[in-house]
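Student: Take this structure, written in structure tokens, and hold onto it; I'll ask about it next.
No lab work stands behind these numbers, since they all come straight from the coordinates. In this text the structure is predicted, and so the values were computed from the model without any measurement. Every residue, glycine among them, receives a Cβ derived from its backbone with ideal geometry; neighbour counts consider all protein chains shown.
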Amino acid sequence: MADDAINHEPFSFLQLNARARTECPLTLNFVNLNGEESDMGRWSALELLGGLVMGMAASLATAAEGFIETFDALHPDGWHVANYEFSHPHFDTDWSQDQVHLSNGAHLYLSPKSTGTNRFAGASLRRETPTHFGRYEVVMQPAQGEGIITGFFTYTGDYYGTRHDEIDIEFLGKDTTRLHAAWFVNGQLTNHFIDLGFDAADKPRLYAFEWLPDRIRWFAGDQVIFEVTEHEATLPSVPSFLFANIWAADPSLETWSGTPNLDTHASAFIGAIRFIPMADMRDLTS
């Protein structure tokens, strides 16, 4: 769910070419869906998202609309860090740039605050330019805790002069063994919880969704875990902005998310993000 929503974003990474490794300060233990370390050993977040890119005739990383971001810079190009008091009935959270630490990945923090209407300060990153159909990937480790939500999603709405369309990967901190896959079309929500068979909060893993004109697919690692087609539901179609955030839910959402204790502190980690435009997705298996 987007910070700007005031009333008013199948390829097997086991196919990565080890000879195309790119040095990156951040390294991660690559794990399979059972939480076991892969034979690949330790790979950088950039390698997880882009190891095959260097060998392609047309580099996805340099495609006009595509990008890879590992958040190594203090002020990464093309990203906005939210910093304002937030008024939304579902959020008990204001956005603070002090809750974002960018170094070898994006570290997103949630902590209590003593002033203002909302009781917590959270963190939100937004891509500054909209994106559309394609594949959205993230290496992430969500936060645990009652009432805490970690999100990776595309969003557009009234604030951007459009209807509300959205596609979500969310983790509810009360049960991080399930992924919340959701989408909005003109403000109407459809959602599903998918049992992962592991605890997403125990280490960074790869997640993705493919937003296509006729379907949306959600992935954990290289496995499709949920798919919806245009024959089953109306799908989002408006170009949207890509977000990653951590926030505390308003008590009105207690049945869905639980309610955080007033002294709750939590953190989530975003190791890397990649967007591949639909026109370039054919290169993934070529």
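Student: In the range 198-218, which residues are farther than 25 Å from ASN104 by Cα and basic (Lys, Arg)?
Tutor: ARG215, ARG217 - these are the residues of the range 198-218 that are farther than 25 Å from ASN104 by Cα and basic (Lys, Arg).
Student: Still on this model: Name the residues in the range 240-266 that are touching a helix residue (DSSP H, G or I) at 6+ places or on another chain (Cβ under 9 Å) and farther than 16 Å from PHE120 by Cα, would you?
Tutor: Within the range 240-266, SER240, PHE241 meet the criteria.
Student: If THR264 satisfies every condition in (1) farther than 30 Å from ALA73 by Cβ; (2) outside any strand (DSSP E or B) but one, which is the exception?
Tutor: Going through (1) farther than 30 Å from ALA73 by Cβ; (2) outside any strand (DSSP E or B) one by one, THR264 breaks only (1).
Student: Related question: Scan the range 116-144 for residues that are small (Gly, Ala, Ser) and assigned to a loop (DSSP other than H, G, I, E, B) and jot them down.
Tutor: Once the filter is applied, which keeps residues that are small (Gly, Ala, Ser) and assigned to a loop (DSSP other than H, G, I, E, B), the range 116-144 yields GLY116, ALA143.
Student: Taking the range 229-263 on its own, how many of its residues are crowded, with 17+ Cβ neighbours inside 10 Å and either touching a Lys or Arg at 6+ places or on another chain (Cβ under 9 Å) or not hydroxyl-bearing (Ser, Thr, Tyr) (or both)?
Tutor: Within the range 229-263, residues that are crowded, with 17+ Cβ neighbours inside 10 Å and either touching a Lys or Arg at 6+ places or on another chain (Cβ under 9 Å) or not hydroxyl-bearing (Ser, Thr, Tyr) (or both) number 17.
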